[in-house]
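Here the structure is laid out as structure tokens; the discussion comes afterwards.
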Amino acid sequence: MAGYDYDLFVIGGGSGGVRAARVAAALGKRVGIAEESRFGGTCVIRGCVPKKLYVYASQFPEHFADAAGYGWTVPEASFDWQTLVASKDREISRLEAIYKKNVEGSGGETFHSRAMIVDPHVVLLLGKDRTVTADQILIATGGRPAAHPALPGHEHCIFSNEAFDLKELPKAIMIEGGGYIAVEFANIFHGLGVDTTLVYRGKEILSRFDMDLRRTLHETMEKKGIKILCHAVSESVSKRTDGRLDVRITGDQVLTVDQAMLAIGRIPNTENMGLEGIGIEMVTATGAIKVDRYSRTNIDNIWAIGDVTNRVQLTPVAIHEAMCFVETVFKNNPTAPDHDTIATAVFSQPEIGTVGLSEDDAVKRFADIEIYRASFRPMRHTLSGRDEKMLIKLVVDGASRKVLGAHILGPDAGEMAQLLGIPLKAGLTKDDFDRTMAVHPTAAEELVTMYKPTYRVKDGERI
Ligand SMILES: Cc1cc2nc3c(=O)[nH]c(=O)nc-3n(C[C@H](O)[C@H](O)[C@H](O)COP(=O)(O)OP(=O)(O)OC[C@H]3O[C@@H](n4cnc5c(N)ncnc54)[C@H](O)[C@@H]3O)c2cc1C
């Protein structure tokens, strides 16, 4: 080990890379990390963090409207996009500095440079025009929005990266995609007053979530005024003389918008990194780096974590994989990341919080499923008059009574999903939920007061 410049060299300073570098350095390992853009990576610079700040910004018009029922008179509000962008920039710069400082404070060395691997123990820092050697190399280069070169006029489209920093707030936008990024941005832009159309080729938005939530969110978004076109794709985008865009959609419909945003998936950052040269194996279908259960590539001393491996593309997952990597490589404690029962949220409006199996997935795997379902108007909307339902649903295995899935649509659903992740991960049963005292008055109390199944699904048949 002593013959190398570093015990560990990390490529990519995002959620996973920074965590691995910081923790390994804190163990006294000699660690270097290269980031070609900004420390913090997708999550901090152009993902979770700015996204959530924009979600907050976009919720104010509803808060202002809801205040009237509580006796408030709110003067006419106005919104300034440039102020929001500047405030967001200040916050992400603050976080970026913290990420970098944390690595350096633990004894790691940071490089602002693109990096590529030229030999299993040699990394070329392109921005510095030098090579470094390392005993272990960790690839944590994340992913980026998938382009759509086959779409005529694709050069006029933006992706989530650009959406955060538009010079002006568009009057109208078309967002293509049905995943959580597309859905969240549709709600953000709509909330900020933009005429928003979501175009999705599938039959219902948010394909991997519980169908009940998907349908109810779809209806609620439409009720708010977001147009959702399913079974549709954009066929061409052309620039008009007035600078606006004409987006031709399936069925010869033309949408005239100021921005067209593509959110049709993300692809791993594996190109031009020397990976083919040293023979790193990829997953052909996704272009992701192939790893074993410990995040090791086919080359013994080279590892990969996070979005570049395309396992589950979420920040806490990249961080967990980083921690497992450090356990395995530097603590002599082989630890495989656990990707089972991951709680997650969609910051749509209303929010989705979910953990475990959807009803459809549970029915495929278990012979006797009990569904506990409550749909109600949350208390906060009684005085506000907002006609919006909350949905809480538990999916239970009738045989073992184990709670297999918990799904929530409504205010603070993401916060609830975090807490529900614990009993579901622990494998608790519906009886444990029933024994738990309610917290009153809350919306979450429904989780422990639904005593009778709403329906059962036995051998695939709903009874
Ligand atoms: C719009 C959006 C919203 C999201 N919202 C959420 C959310 O709410 N919750 C959640 O959990 N997840 C969310 N995610 C996903 C989350 O951001 C990613 O899963 C997470 O950032 C992955 O971490 P990572 O370390 O694998 O990669 P990244 O964070 O992408 O970091 C990779 C880093 O590597 C750098 N890099 C790439 N190639 C090189 C190279 N050759 N040399 C040097 N540096 C290189 C990149 O510049 C980047 O900084 C969101 C993503 C997006 C796009």
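FYI, it's all coordinate maths here, none of it is from the lab. Just so it is clear, the model here is predicted, and its values are computed rather than measured. Virtual Cβ from ideal backbone geometry, glycine too; neighbours counted across all protein chains shown.
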Would you work out the charge dipole size for region 359-463 about its Cα centre, treating the Cβ of every Lys and Arg as +1 and the Cβ of every Asp and Glu as -1, and quote it to the nearest 20 debye? 100
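Which pairs break 22 Å Cα to Cα here: LYS171/LYS203; LYS52/LYS224; LYS171/LYS223; LYS171/LYS389?
Details: LYS171/LYS203 27 Å; LYS52/LYS224 20 Å; LYS171/LYS223 19 Å; LYS171/LYS389 29 Å.
Too far apart for the 22 Å limit: LYS171/LYS203; LYS171/LYS389.
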Cα centre as origin, Lys/Arg/Asp/Glu Cβ charges: the chain dipole, Debye: 340
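Which net charge results when you count Lys and Arg as +1 and Asp and Glu as -1 among the other residues whose beta-carbon is under 15 Å from that of ASP5?
Numbers: positive: LYS29, ARG30, LYS128, ARG130; negative: ASP7, GLU109, ASP119, ASP135.
Summing Lys and Arg as +1 and Asp and Glu as -1 gives 0.
Rounded to the nearest 0.05, what FRET efficiency do ARG201 and ARG365 give with R0 = 22 Å and r taken as the Cβ-Cβ distance? Could you check? Present the calculation step by step, with values, prior to reporting the outcome.
Working: r = 27 Å, r/R0 = 1.24.
Given R0 = 22 Å and the Cβ-Cβ separation, E is 0.20.
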Could you order the peptides 252-263, 432-443 from most to least packed, using the average number of other C-beta atoms within 10 Å per residue? 252-263, 432-443
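How much of the DSSP beta bridge set in the chain is antiparallel, as a percent to the nearest 5?
Of those bridges, close to 65 percent are antiparallel.
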Of the candidates GLY12, TYR99, GLY71, the farthest towards the positive dipole end of the chain (Lys/Arg Cβ +1, Asp/Glu Cβ -1, centred on the Cα centre) is GLY71
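If R0 is 35 Å, what FRET efficiency do you get for THR382 and THR241 from their C-beta distance, rounded to 0.05? Don't skip to the answer; put the middle values down first.
Details: r = 51 Å, r/R0 = 1.45.
The computed FRET efficiency comes out at 0.10.
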Tell me the label-point distance for the pair LYS224, MET282, using the 7 Å Cα-to-Cβ offset, in nm and rounded to one decimal. 3.7
Cβ-Cβ cut-off under 12 Å around ALA232, Lys and Arg +1, Asp and Glu -1: the net charge is +1
Projected onto the charge dipole of the chain (+1 at Lys/Arg Cβ, -1 at Asp/Glu Cβ, origin at the Cα centre), which of ALA285, GLN259, SER295 gives the Cα projection farthest towards the positive end? SER295
Full extension from ASP5 to HIS63: what is 0.36 nm times the residue separation minus their Cα-Cα distance, to one decimal in nm? 15.3 nm
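Specify whether the C-alpha gyration tensor of the chain places it in the rounded, prolate or oblate class, a ≥ b ≥ c being the square roots of the eigenvalues: rounded for a/c under 1.5, otherwise prolate if a/b is larger than b/c and oblate if not. Provide the component values of the computation, followed by the final result.
Working: a/c = 1.76, a/b = 1.27, b/c = 1.39.
The shape class here is oblate.
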Separation of alpha-carbon centers, region 59-78 and region 180-227, rounded to whole Å: 23
Average Cα contact separation per residue, region 304-463, under 8 Å, 6 or more apart, as relative contact order %: 23
Counting Lys and Arg as +1 and Asp and Glu as -1 over every other residue whose Cβ sits under 13 Å from the Cβ of PRO152, the net charge comes to -1
